[in-house]
Each structure stands twice: as structure tokens, then as C-alpha cells.
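One structure below.
Readers should treat all values here as calculations from the given coordinates under stated rules, not as data from a laboratory. Computed from a predicted model, the values in this text were never measured in an experiment. With ideal geometry, Cβ positions are generated from the backbone for all residues, glycine too; neighbour counts draw on all protein chains shown.
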Amino acid sequence: MRFLGLLLLLLVLAVLSLSAGRVWLGPPALLDALMDPEGAGRMIWNLRLPRLLVGMIAGAGFGLAGLTFQTLLRNPLASPDVIGVTQVAAFGAVAALFLGAPVVLGAWAGGLAAVAALGWLAAHPRHGIETRAVVLQGLALAIFAAAGTEALILRMGDSSAGMAMTWLSGTLNAAGWAEVRRGIWLAPLLMPLLLAGRVLDRLELGDDLARALGLRVGLLRAGLGLIAALVAAGSVALCGPMGFVALAAGPVGRLVAGGRPSPLAAMLTGAAFVTLADVLARALAPAALLPTGLYTALIGAPVLILTVRRMARR
């Protein structure tokens with residue numbers, strides 16, 4: 001029933017997303033526009049629908065990546081936007097833009113580099129990866145990547161620097177069908193994470209018990225971590241590093257699933273989160289075209305505060 005409610009919420013937000021903007025469309029007008037893509041529906045088909053789809057794809061990717069990292073590291077703070085994965089992916093994307101290379105390749109290279117760096121920095125000779133160290137090292141990595149990104153932007157021309165700064169805030173303003181087609185390529189990466197619910201559930205029990213249940217813990221953790229990094233980086237390439245989506249989607253998805261790690265719930269929550277933020281961006285200031293990432297931060301920051309307080313009470 002909770003999954004059905006989450007799916008219904010996402011559907012309602014999708015309808016609101018297609019309706020919101022400088023020109024609000026009521027249900028009859030929206031239906032007429034959807035049925036007439038070459039006439040009155042051009043605004044919907046050319047602007048609002050691809051924007052909605054890109055936001056949902058990116059949100060789903062952030063949600064899945066967030067839940068995966070949080071479960072693998074058994075830490076609710078260990079999401080890609082906290083441990084530096086999205087920041088290094090953003091640095092790679094800006095570097096690719098600076099060099100004239102494909103942005104998505106730069107983002108993927110950055111995401112993989114972040115995971116490799118975290119694995120090396122947080123490794124313990126006897127105990128393997130220290131989960132607490134990952135968060136602390138990740139924060140340092142994020143600061144380092146942000147500094148590198150700013151240095152690259154300062155060397156760009158005015159127009160390119162302005163575009164990069166807007167993109168870094170997390171925006172769907174430039175989303176079109178080209179970005180939708182690029183997002184479809186994320187599907188092969190999303191599927192392994194979406195089907196990994198049982199594996200994540202067992203890994204959360206601890207390494208020893210997971211091994212007793214027949215899991216190859218080291219291989220699974222490395223494989224799922226790399227896939228999650230690619231998914232997070234691919235989502236960054238679509239719309240920029242939208243803050244707090246990956247952090248919030250996992251815990252909210254767990255509430256929907258009764259406390260267990262649910263990739264489906266995290267995916268739907270991430271998609272709903274970005275769609276809600278985009279609706280607010282266009283409903284509250286339709287003429288300003290404020291970045292969607294501004295609203296994800298406003299919504300997600302309280303989730304971070306509540307998460308830290310809950311961890312402090314344990």
C-alpha cells in the first residue's frame with residue numbers, strides 16, 4: 001500500500017510538473033496539449049515533458065546510488081553527495097567541458113576516481129574499509145574537488161563560466177530530448193542496483209553473517225559501489241550535482257519499505273524529490289527560472305539535520 005501511495009504521489013507531481021510554469025494549464029488544457037504535439041502542445045512536448053523526464057531519471061539515479069552507498073557502508077550519511085562522489089563527478093564534467101570532451105565521460109571518470117580514492121584513503125590494513133573514515137575522507141575529497149572546479153571555471157570564458165556555474169547548482173532549465181536520450185543510457189546501470197535489494201538486505205547484517213549466507217562480500221561491495229558511482233555520475237551529467245537528493249531518498253525509501261533497504265522505494269523517492277523541487281522552482285518563481293537544485297537543498301537540508309540528530313541519540 002505504501003509503494004502504491006508513493007507511485008500515486010509521483011504521478012500527481014508529474015501532472016503538476018506538466019501544468020506549472022509561467023502559463024498554468026488546467027486538466028482540460030493539459031489533456032488537449034498532450035493530444036496536439038504539433039499545435040497547442042508544443043510547449044509541453046518540447047519543454048515541459050523532456051524536463052520532467054530528465055528530472056525523474058536523474059532523481060531515480062541519485063536515489064538508487066544514495067541507498068546503495070548508505071547500505072554498503074552502513075551509514076545513513078554515506079551518500080554520494082556527502083562522500084564526494086558527485087563533487088568529483090562534477091569536477092570531471094567541468095574538466096571535460098573545458099577540454100571539449102563529452103561531459104558524461106568526464107563525469108563517469110570523476111565518479112570512478114572518487115570511489116578509487118575513497119577506497120585507498122579509508123582502507124585499513126586489518127579491517128578493510130573503515131565506514132566512518134569514508135565519510136570524513138569524502139568530505140575532504142568534496143572540498144578538494146570543489147576547489148578544482150572553481151579553478152577551472154576561473155579559466156573559462158564568461159559565457160562558458162556562467163553556464164558551468166548554473167549547471168553546478170543543479171538545473172533542468174536546459175533539459176531537452178537530447179538529455180532524455182542520454183538518460184536512457186543509464187537504464188542498464190540502474191537495473192543491477194534496482195535488483196540488488198536482497199543482496200543489500202543481507203550485506204546490512206554485517207560482513208560475517210553475509211559471508212555465512214554465501215555472499216562474496218568484497219566482490220559485491222566493490223561491484224555495487226562502482227555501479228552506484230557510475231549512476232550518480234551519470235545523473236550529475238544530466239542536470240548537475242543536485243544536493244541532498246541521494247542523501248534523503250534512502251532514509252525516506254526505508255520508511256516506505258518498513259525499515260528495510262528498498263531500491264524501488266529509493267528510486268521512486270528520488271524521482272519524486274526532484275519533481276517536487278522542480279514544481280516549486282516553477283510555481284514559486286516562474287519568471288526567475290531558479291535552479292531546481294536550490295529547492296532540493298532547501299528540502300534536503302532538514303533531512304540531514306534530522307539524520308544527524310537520530311545518529312547522535314543512538
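With everything on Cα atoms, drop me the angle between helix 103-121 and the longest principal axis of the chain, reported from 0 to 90° to the nearest 10.
With rounding to tens, the tilt is 20 degrees.
Using 0.36 nm times the number of residues separating Ala29 and Ala178, minus their current alpha carbon distance, what extension gain do you get?
On the way: separation 149, 0.36 × 149 = 53.64 nm, distance 2.63 nm.
Residue separation times 0.36 nm, minus the Cα-Cα distance, leaves 51.0 nm.
What whole-number volume per residue, in cubic angstrom, does the convex hull of the C-alpha atoms of the chain give? Kindly include the intermediate steps, with their values, before the conclusion.
On the way: hull volume 43.6 nm³, N = 314.
It comes to 139 Å³ per residue, whole-number rounded.
Could you work out the per residue convex hull volume over the alpha carbons of region 183-258, in cubic angstrom? Numbers along the way, then the final one.
Details: hull volume 7.9 nm³, N = 76.
Taking the convex hull of the Cα positions in region 183-258, it is 104 Å³ per residue.
Starting from 0 in steps of 10 Å, tell me what percent of the Cα-Cα pairs of region 63-218 lands in each bin.
10, 33, 34, 17, 6, 1
Taking 0.36 nm per residue of sequence separation and subtracting the Cα-Cα distance, how much length would be gained by fully extending the chain between Val15 and Asp36, in nm to one decimal?
Numbers: separation 21, 0.36 × 21 = 7.56 nm, distance 1.67 nm.
Computed gain between Val15 and Asp36 is 5.9 nm.
So the label point goes 7 Å from the Cα of Ser159 along Cα→C-beta, right? Which residues of region 66-110 then have their backbone N under 16 Å from it?
Correct set: 98, 100.
Find how many whole Å separate the alpha carbon centroid of region 261-288 from the alpha carbon centroid of region 213-259.
Taking the Cα centre of region 261-288 as reference, the centre of region 213-259 is 17 Å away.
Using only the Cα atoms of region 127-192, build the gyration tensor, take square roots of its eigenvalues as a ≥ b ≥ c, and label the shape rounded, prolate or oblate: rounded if a/c is under 1.5, else prolate if a/b is larger than b/c, else oblate. Don't skip to the end; give the middle numbers.
Numbers: a/c = 3.41, a/b = 1.19, b/c = 2.86.
Verdict is oblate for region 127-192.
What order, most packed first, do the peptides 172-183, 147-158 have when packing is the mean number of other Cβ atoms within 10 Å of each residue? Don't skip to the answer; put the middle values down first.
Working: 172-183: 17.5, 147-158: 13.4.
Final packing ranking: 172-183, 147-158.
To the nearest 10 degrees, how steeply does helix 292-313 sit against the main Cα axis of the chain, on a 0 to 90 scale?
Result, in degrees: 30.
Per residue of region 137-147, in order, report the coupling 6.51 cos²θ - 1.76 cosθ + 1.60 (Karplus, θ = phi - 60°) as ³J(HN,Hα) in whole Hz, putting x for Gly and Pro.
Listing the rounded values in order: 5, x, 4, 5, 5, 5, 5, 5, 5, 4, 5 Hz.
What per residue convex hull volume, in Å³, comes out for region 1-128 when only alpha-carbon positions are used? Let's see the in-between values first.
Numbers: hull volume 18.9 nm³, N = 128.
Expressed per residue, the convex hull around the Cα atoms of region 1-128 is 148 Å³.
Once you list every other residue whose beta carbon is under 14 Å from the beta carbon of Ala248, what net charge do they have if Lys and Arg are +1 and Asp and Glu are -1?
Working: positive: Arg254, Arg310; negative: Asp81.
Summing Lys and Arg as +1 and Asp and Glu as -1 gives +1.
Over its Cα atoms, what ratio of radius of gyration to 2.2 N^0.38 Å does region 33-94 give?
Numbers: Rg = 17.3 Å, N = 62, 2.2 N^0.38 = 10.6 Å.
In units of the 2.2 N^0.38 Å rule of thumb, it is 1.64.
Calculate, in nm to one decimal, what Leu289 and Leu194 gain on full extension: separation in residues at 0.36 nm each, minus their alpha carbon distance. Let's see the in-between values first.
Numbers: separation 95, 0.36 × 95 = 34.20 nm, distance 3.27 nm.
That pair, Leu289 and Leu194, stretches by 30.9 nm at full extension.
Considering only DSSP states other than H, G, I, E and B, which chymotrypsin sites (Phe, Trp or Tyr not before Pro) in region 14-103 qualify as loop sites with at most 16 other Cβ atoms within 10 Å?
Working: sites: Trp24, Trp45, Phe62, Phe69, Phe91, Phe98; in loops: Trp24.
Counting only loop positions with at most 16 other Cβ atoms within 10 Å, the chymotrypsin sites (Phe, Trp or Tyr not before Pro) in region 14-103 are Trp24.
Mind grabbing the base-10 log of I(q)/I(0) for region 1-56 at q = 0.18 Å⁻¹? Debye formula, identical points on the C-alpha positions, no solvent, two decimal places.
-0.61
Using Cα pairs closer than 8 Å and at least 6 residues apart in sequence, work out the relative contact order for region 143-247, in percent.
On the way: 45 pairs, mean separation 43.3, N = 105.
Relative contact order of region 143-247: 41 percent.
Each residue of region 57-62 in order: what ³J(HN,Hα) in whole Hz does its phi give by Karplus 6.51 cos²θ - 1.76 cosθ + 1.60, θ = phi - 60°, with x for Gly and Pro?
Along region 57-62, the couplings run 5, 5, x, 4, x, 4 Hz.
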